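> Take this structure first; my questions come after.
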Amino acid sequence: MKKIYLLLIILLNAFTLHAQLYMTSTGKISFFSATSIENISAHSESVKSAINDATDSILVKATIKTFEFTQPLMKEHFNEKYLESDKYPSATFKGKVSGNIDLSKNGKYTVQATGKLTLHGVTQVRTIDGTLEVKDGMVTLDSKFPVKLVDHKIEVPTVVAAKIAESIDVTVHIVYQPKSK
């Protein structure tokens, strides 16, 4: 846990001294694959993330092995065959949030984050839509976006290809708490 926070601080070290950091280690990410044969879903509730309001920077990191499935065999295949989590242990997004945002005031803001999404060792520049809601100093991020397996060189064997969608729906729900520098 200390290593993750140290990593977040190092990655965010370019921020000014007056910046307010918003951080969490209990963010939630889920994904859903829908096909006519089978639906597959998984979730993780141990996503690390930080937002710096002075620079509008955001960092999100999910450890692949923390995703939980309804069936243990699905988790095993996900980690060993598809995401190769021993070789690529995490997925990250590092970017900038744009929109007319004031994290010091209560309100709901439609935002976009543009940055680099790294999954399965492949980095893609992405712009992801979302909503930031500020309420009494707490900041909540919600987003839903597709990820194409081919974009991240995730190979699905032909024998099970009909059971796994080519594009996976990813849903993010993160509640941040302010952290003073």
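> Report the residue count in region 21-50 for those that are without any contact (Cβ under 8 Å) to a residue 40 or more places away in the chain and more than 16 Å from E166 (Cβ to Cβ).
7
> Which of the numbered conditions does G121 fail, given that it passes all the others? Conditions: (1) modelled with pLDDT under 95; (2) surrounded by fewer than 17 Cβ atoms within 10 Å (Cβ to Cβ).
The number of the failed condition is (1).
> Kindly indicate the residue of region 59-92 that is among the β-branched types (V, I, T) and closer than 19 Å to G27 by Cα and also surrounded by the most Cβ atoms within 10 Å (Cβ to Cβ) among those meeting that condition. Talk me through it step by step, then tell me what you get.
Residues of region 59-92 that are among the β-branched types (V, I, T), as a first pass: 60, 63-64, 66, 70, 92.
Now drop any that are not closer than 19 Å to G27 by Cα, which leaves 60, 63-64, 66, 92.
Working: V60: 25, T63: 15, I64: 20, T66: 15, T92: 18.
The selected residue is V60.
> Another question, then. Is it true that K179 is loosely packed, with under 15 Cβ neighbours inside 10 Å and either touching a residue at least 24 places away in the same chain (Cβ under 8 Å) or under 18 Å from L59 (Cα atoms) (or both)? I'd like the intermediate steps shown before the answer.
On the way: loosely packed, with under 15 Cβ neighbours inside 10 Å: yes; either touching a residue at least 24 places away in the same chain (Cβ under 8 Å) or under 18 Å from L59 (Cα atoms) (or both): yes.
The answer is yes for K179.
> Right, something else. Search region 93-103 for residues being in contact (Cβ under 8 Å) with a residue 40 or more places away in the chain and not basic (K, R), and hand back the single one that is surrounded by the most Cβ atoms within 10 Å (Cβ to Cβ). Step through it out loud before you land on a result.
In the first step, residues of region 93-103 are kept if they are in contact (Cβ under 8 Å) with a residue 40 or more places away in the chain; the result is 94, 96-98, 101, 103.
Now restrict to residues that are not basic (K, R): 97-98, 101, 103.
Numbers: V97: 23, S98: 12, I101: 18, L103: 21.
Only one residue fits best here, namely V97.
> A follow-up question, please. Quick check on region 60-72. Is at least one of its residues within 20 Å of E166 (Cα to Cα), touching a strand residue (DSSP E or B) at 6+ places or on another chain (Cβ under 8 Å) and not in a loop (DSSP other than H, G, I, E, B)?
So the first thing to find is which residues in region 60-72 are within 20 Å of E166 (Cα to Cα), and the list is 64, 67, 69.
Okay, now just the ones that are also touching a strand residue (DSSP E or B) at 6+ places or on another chain (Cβ under 8 Å), so 64, 67, 69.
Then drop every residue that is not not in a loop (DSSP other than H, G, I, E, B), which leaves 64, 69.
Yes, the conditions are met somewhere in region 60-72.
> Oh, and also: Can you confirm whether region 140-151 contains a residue that is assigned to a helix (DSSP H, G or I) and surrounded by 13 or more Cβ atoms within 10 Å (Cβ to Cβ)? Give the derivation first.
Going residue by residue through region 140-151, those that are assigned to a helix (DSSP H, G or I) are 149-151.
Next cut, surrounded by 13 or more Cβ atoms within 10 Å (Cβ to Cβ) only: 149, 151.
Yes, region 140-151 contains a residue that is assigned to a helix (DSSP H, G or I) and surrounded by 13 or more Cβ atoms within 10 Å (Cβ to Cβ).
> Also, I was wondering about something else. Any residue in region 53-65 that's on the phi > 0 side of the Ramachandran plot: show its pairings with residues that are hydrophobic (A, V, I, L, M, F, W, C) and buried (at least 20 other Cβ atoms within 10 Å of the Cβ) at Cβ separation under 6 Å, as long as the two are six or more apart or on different chains.
Pairs found: D56/V97.
> In region 160-178, is there at least one residue being out of contact with any strand residue (DSSP E or B) (no Cβ under 6 Å at 6 or more places or on another chain) and assigned to a strand (DSSP E or B)? Working first, answer last.
From region 160-178, those out of contact with any strand residue (DSSP E or B) (no Cβ under 6 Å at 6 or more places or on another chain) are 160-163, 166, 177; that's our starting set.
Pick out the ones that are also assigned to a strand (DSSP E or B) and you get 177.
Yes: region 160-178 contains one or more residues that are out of contact with any strand residue (DSSP E or B) (no Cβ under 6 Å at 6 or more places or on another chain) and assigned to a strand (DSSP E or B).
> Next question. Given (1) over 22 Å from V122 (Cα atoms); (2) modelled with pLDDT of 95 or more; (3) in contact with a Lys or Arg (Cβ under 8 Å, 6 or more places away or on another chain), identify the lone condition not met by T26.
Unmet condition: (3).
> With within 23 Å of K148 (Cα to Cα), in contact with a Ser or Thr (Cβ under 9 Å, 6 or more places away or on another chain) and of a type outside the set (K, R) as the only criterion, which of L83, L117 stands out? Don't jump to the end; show me each part of the working.
Details: L83 fails: in contact with a Ser or Thr (Cβ under 9 Å, 6 or more places away or on another chain).
Unique residue meeting the criteria: L117.
> Let me ask you something else. Taking region 34-58 on its own, how many of its residues are among the acidic types (D, E), touching a strand residue (DSSP E or B) at 6+ places or on another chain (Cβ under 9 Å), surrounded by fewer than 19 Cβ atoms within 10 Å (Cβ to Cβ) and in a loop (DSSP other than H, G, I, E, B)? Spell out the reasoning first.
Residues of region 34-58 among the acidic types (D, E): 38, 45, 53, 56.
With touching a strand residue (DSSP E or B) at 6+ places or on another chain (Cβ under 9 Å) added as a condition, the list becomes 45, 53, 56.
Now restrict to residues that are surrounded by fewer than 19 Cβ atoms within 10 Å (Cβ to Cβ): 45, 56.
Right, trim to in a loop (DSSP other than H, G, I, E, B) and you get 56.
Within region 34-58, residues that are among the acidic types (D, E), touching a strand residue (DSSP E or B) at 6+ places or on another chain (Cβ under 9 Å), surrounded by fewer than 19 Cβ atoms within 10 Å (Cβ to Cβ) and in a loop (DSSP other than H, G, I, E, B) number 1.
The values are calculated or read from the model by the stated rules, or taken from the named source; none is laboratory data. Keep in mind the model is a prediction, meaning the values are calculated, not measured. A quick note on method: Cβ atoms are made from the backbone with ideal geometry, for glycine too, and the neighbour counts reach across all protein chains shown.
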